[in-house]
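Worksheet: the structure to be examined is printed underneath.
The values are calculated or read from the model by the stated rules, or taken from the named source; none is laboratory data. Predicted model, so just to flag it, every value in this text is computed and none were measured. So basically every Cβ, Gly included, is an ideal-geometry build from the backbone, and we count neighbours across all protein chains shown. Accessible surface is based on the protein model in full, side chains and every heavy atom, while ligands, DNA and RNA are left aside. Shrake-Rupley method; radii C 1.70, N 1.55, O 1.52, S 1.80 Å.
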Amino acid sequence: MVRTCSKMWAVALTVLLSAAAPARALNIFACEPEWASLAKELAPEADIYSATTAYQDPHYVQARPSLIAKLRRADLFVCSGSELEIGWLPALQMRANNSKVRDGQPGAFYAAEQVERLDVLGKVDRSMGDVHGGGNPHVHWSPTRIEQIAKALTQRLIVIEPANAERYQQQLASFLQRWQTQREQWAAQASSLNGVQVVSYHTSYRYLYDWLGIEQVGDLEPKPGLPPTSGHLASLVSLHKQKPYQLIIYASYQDGKAANWLSSKTGTAVLGLPYSVDPNKEQLVDLFGLYQTAIDQLLAAVAADG
Ligand SMILES: [Zn+2]
């Protein structure tokens, strides 16, 4: 009798649980691979798609029909925000016509808007170039901000799927534990990078430099969003004569031509850093690998410089 009873309860419970669980996996659209990677940490069962790769400039993306179709099916998008995708995401949202991912809905998640941003400017006009007035959006290079974004994204997942709240909290706890341990190890490992002066391309690594104490003394871009010009590069050669910098850095989505030219003129080492996660490369398969690889490369470049 008792056994039958518990069996009946088990059946009832199964029915209840299957009613509560979604009919299909949560569909997540990430604008950039770093957010696809974070989403995978926090919602490993979800169906996750990244609109761009680490080799594409996330500022400039074509609103292709395939992207529109992906966003149309999404329950949630995870994008940088703070104007990074201003040239393409609004067009995708409009054409996808999916009410779940309209701004202000739970399905619209902007990572940079969950954290304090660096370089927030008051007034911005076109003469300043393609500047990010609302603050630097390249926040995935700040490990503490990654933690804040992970917490905010978990809250959002719970709003969308309250039945899975407990599971999402467990996944967050597991991620934070592993990430915080790594963050401390990385900081210790990279301590010799503190005070290193670099010329970099755009403000793509602003948060990485801020974290590790690297100083960006020049930018290959004459103005944000504008490609390097010969006159501007000449000024970076003069800068090196007055105040030698140790490294020239560009990101995996940027053209290395200007960086290599400047390197040849100044004798300064040049380094192409990975900008984001690359699921096809073992070393860069997730955010952990991305950070480790960047730190290893920076340390090797500085050590080689002597
Ligand atoms: Zn930018």
Could you give me the residue pairs with C-beta distances under 9 Å whose first residue belongs to the range 115-134 and is within 18 Å of residue 221 (Cα to Cα), whose second residue is basic (Lys, Arg) and modelled with pLDDT of 75 or more wherever it lies, and which are 6+ apart or on separate chains? 119/206; 127/223; 128/223; 129/223; 130/223; 131/223; 132/117
Output yes when any residue across the range 159-166 is under 26 Å from residue 26 (Cα atoms), of a type in the set (Asp, Glu) and open to solvent by 50 Å² or more (accessible area, probe 1.4 Å), and no when none is. yes
Matching residues in the range 215-224 (open to solvent by less than 30 Å² (accessible area, probe 1.4 Å) and within 19 Å of residue 135 (Cα to Cα)) number 2
In the range 134-158, which residues are open to solvent by less than 10 Å² (accessible area, probe 1.4 Å) and part of a loop (DSSP other than H, G, I, E, B)? 135, 136, 137, 138, 142
Among the candidates 160, 214, single out the residue that is assigned by TED's automatic domain parsing to the domain that holds residue 40 and at negative phi. 160
Report, by residue number, each residue of the range 107-125 that is within 16 Å of the ligand (Cβ to nearest atom) and either in a loop (DSSP other than H, G, I, E, B) or open to solvent by 60 Å² or more (accessible area, probe 1.4 Å) (or both). 113, 115, 117, 118, 119, 120, 121, 124
Please enumerate the residues belonging to the range 54-63 that are of a type in the set (S, T, N, Q) and open to solvent by less than 70 Å² (accessible area, probe 1.4 Å). 56
Residues of the range 108-133 classified as touching a strand residue (DSSP E or B) at 6+ places or on another chain (Cβ under 8 Å) and of a type in the set (Gly, Ala, Ser), total: 2
For the range 75-108, give me the residue count where each residue is within 22 Å of residue 146 (Cβ to Cβ) and either within 19 Å of the chain's Cα centre (by Cα) or outside the structural domain of residue 161 (by TED's automatic domain parsing) (or both). 13
Options 46, 39; residue that is closer than 24 Å to residue 204 by Cβ, under 19 Å from the mean Cα position of the chain (by Cα) and at pLDDT 95 or above: 39
Of the residues in the range 64-93, those that are within 27 Å of residue 205 (Cα to Cα) and either within 16 Å of the ligand (Cβ to nearest atom) or buried (at least 19 other Cβ atoms within 10 Å of the Cβ) (or both) number 16
Look through 156, 145 and report the one residue that is away from the ligand (no atom under 16 Å from the Cβ) and either closer than 15 Å to residue 79 by Cα or modelled with pLDDT under 95 (or both). 156
Of (1) in contact with a strand residue (DSSP E or B) (Cβ under 9 Å, 6 or more places away or on another chain); (2) buried (at least 19 other Cβ atoms within 10 Å of the Cβ), residue 207 fails just (1)
